[in-house]
Structures are given as C-alpha cells and as structure tokens.
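This report refers to the structure that appears directly beneath it.
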Amino acid sequence: DKNMANYGTSFVHSSSFCLFSFLYFVLENNDKYLFNTFWNFLKVYSSGYFIYDSLFIIKHQKMNLVNFVLLYHHASGINLLMDDEIKHYTFKMLLFAEISNLPSCFVYYLIKTKNKTFLLFMKKIQFALYSFFRIPFIGYYMTSAFKNFPYNKNLYISLPIYFMGLVWTSKLYKGLSK
C-alpha cells in the first residue's frame with residue numbers, strides 16, 4: 001500500500017529529526033562551524049522530506065482542499081527552513097511539530113489494519129501530543145519570533161500553518177468519539 005509506505009517514511013523523518021535535535025542543542029552554543037553545518041544538514045533533510053511528500057501528494061492523491069493545505073504547509077515549512085534569521089525559532093517549532101506528528105503514523109496503521117483494540121488509545125495519545133505541542137509550544141515560539149523579527153515576511157507566510165494546527169486539533173478531538 002503506497003499510503004502505508006508514505007506514513008512509514010513520515011515516521012522515519014519525524015523520529016530521526018527528533019533524535020537529531022539532541023545534536024542541535026549540544027552544538028548550538030559551542031562550535032559555530034559545526035552548528036551551522038548541522039543546521040544546513042537539517043534544512044536539506046527536512047526540505048527533502050517536504051518535497052518528497054509534496055510530490056507523493058500530487059502524484060498519488062486526489063487534489064482536494066486538505067491536500068492543497070498540506071502542499072501549502074510543506075512549501076511554507078521549506079520557506080521557514082531557508083530563513084537563517086529565524087533559524088532558532090524555526091528549529092524549535094519544527095521539533096515540536098515533528099514530536100506531535102509521531103502518533104499519527106501509528107493511528108493510520110491501526111486504521112488500515114482494522115486493529116480497533118489500540119485505536120482509541122492511540123487516538124487519545126495523538127490528540128494529547130498534538131494539542132499539547134502544537135498549541136502552546138509552537139504558539140510560544142511563533143509569538144517570540146514575531147516579537148523579535150516583526151518584519152520577517154516568512155513568519156507571516158507561515159502564520160496560517162499555526163491556525164491550520166488549531167483546526168486539525170479540533171478534528172482530532174472530534175475523532176475521539178469515533
């Protein structure tokens with residue numbers, strides 16, 4: 001199943017980005033050359049995933065509102081990654097976004113394999129992590145970025161992603177009763 005493989009790829013990206021994050025924090029205040037090299041690696045790594053997923057959507061999915069939103073989400077994410085002025089905020093927002101994405105892969109797998117035993121439990125974990133990291137943490141770093149860089153156009157371009165996260169949080173909440 002192409003979609004199952006795509007969710008597997010998503011899981012590898014999200015989980016490995018979270019693991020790579022430890023190096024980011026270690027290097028951030030130590031070796032500037034290694035830090036910048038590592039930041040460039042993270043930019044290419046995540047941009048590559050966003051491009052891959054965008055091409056997968058275009059090639060294998062119906063072009064509906066949800067998929068157009070995902071394409072905007074990916075393009076906006078790449079745009080933020082390329083803006084070195086706000087890289088410290090971008091990194092932290094992306095880290096919390098990837099942490100909040102991890103349970104989605106398991107939920108999709110459980111739905112596809114019709115494993116209802118753990119599905120409701122994983123949906124609760126998905127909602128808890130998503131709402132916990134997307135609303136307060138990403139909201140905090142986005143607000144901080146706007147305070148420190150009020151004229152940064154890439155922040156304004158990416159602001160709808162935050163509101164998309166609020167909408168998605170409400171959909172996840174409604175899905176808990178299904």
Taking a virtual spin label 7 Å from the Cα of ALA128 along the C-beta vector, which residues in the range 140-178 bring their backbone nitrogen under 19 Å of it? 169-178
Taking every pair of distinct Cα atoms and averaging 1/r, then inverting, what Kirkwood hydrodynamic radius in Å comes out for the range 56-132? 14.5 Å
Rounded, prolate or oblate: which one fits the range 59-102, using the alpha carbon gyration tensor with axes a ≥ b ≥ c (rounded when a/c is under 1.5, else prolate when a/b beats b/c, else oblate)? oblate
Rounded to the nearest Å, the spacing of the alpha-carbon centers of the range 9-64 and the range 79-133 is 14 Å
Treat each spin label as a single point 7 Å out from the Cα along the C-beta direction, and report the LYS59 to LYS153 distance in nm. 3.2 nm
Ordered by residue, what ³J(HN,Hα) values in Hz, to whole numbers, does the range 149-159 give under the Karplus form 6.51 cos²θ - 1.76 cosθ + 1.60, where θ = phi - 60° and Gly and Pro are x? 9, x, 10, 6, 5, 5, 5, 5, 5, 8, 3
With the chain reduced to its Cα atoms and the Debye formula applied, log10 I(q)/I(0) at q = 0.09, 0.11, 0.15 1/Å amounts to -0.33, -0.49, -0.92
Once label points are set 7 Å from the Cα along Cα→Cβ at both LEU120 and PHE20, what is their separation, rounded to one decimal in nm? 3.9 nm
Under a Gaussian network model of the chain whose springs join Cα atoms within less than 10 Å, the largest fluctuation of ASN154, ASN64, ASN36 belongs to ASN64
The answer for trypsin sites (Lys or Arg not before Pro) in the range 65-121 that fall in a DSSP coil and have at most 14 neighbouring Cβ atoms within 10 Å is LYS114
Quick one: what are the phi-derived ³J(HN,Hα) couplings along the range 35-42, Karplus 6.51/-1.76/1.60 with θ = phi - 60°, whole Hz, x for glycine and proline? 4, 5, 5, 5, 4, 4, 4, 4
Surface per residue (accessible, 1.4 Å probe) for the chain, Å²: 58 Å²
In the range 1-137, carbon and sulfur make up what percent of the accessible area (probe 1.4 Å)? 71 percent
Calc'd 3J(HN,Hα), the range 70-87, phi into Karplus 6.51 cos²θ - 1.76 cosθ + 1.60 (θ = phi - 60°), Hz, glycine/Pro = x, comes to 5, 5, 4, 4, 5, 4, 5, x, 4, 4, 5, 4, 7, 8, 5, 4, 10, 4
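The values are calculated or read from the model by the stated rules, or taken from the named source; none is laboratory data. Just so it is clear, the structure is predicted and the values come from calculations on it, not from any experiment. Neighbour counts are summed over all protein chains in view; Cβ atoms, including those assigned to glycine, are modelled from backbone coordinates with ideal geometry. Quick note on the areas: whole protein, heavy atoms, side chains included, nothing else; ligands and nucleic acids left out. Shrake-Rupley method; radii C 1.70, N 1.55, O 1.52, S 1.80 Å.
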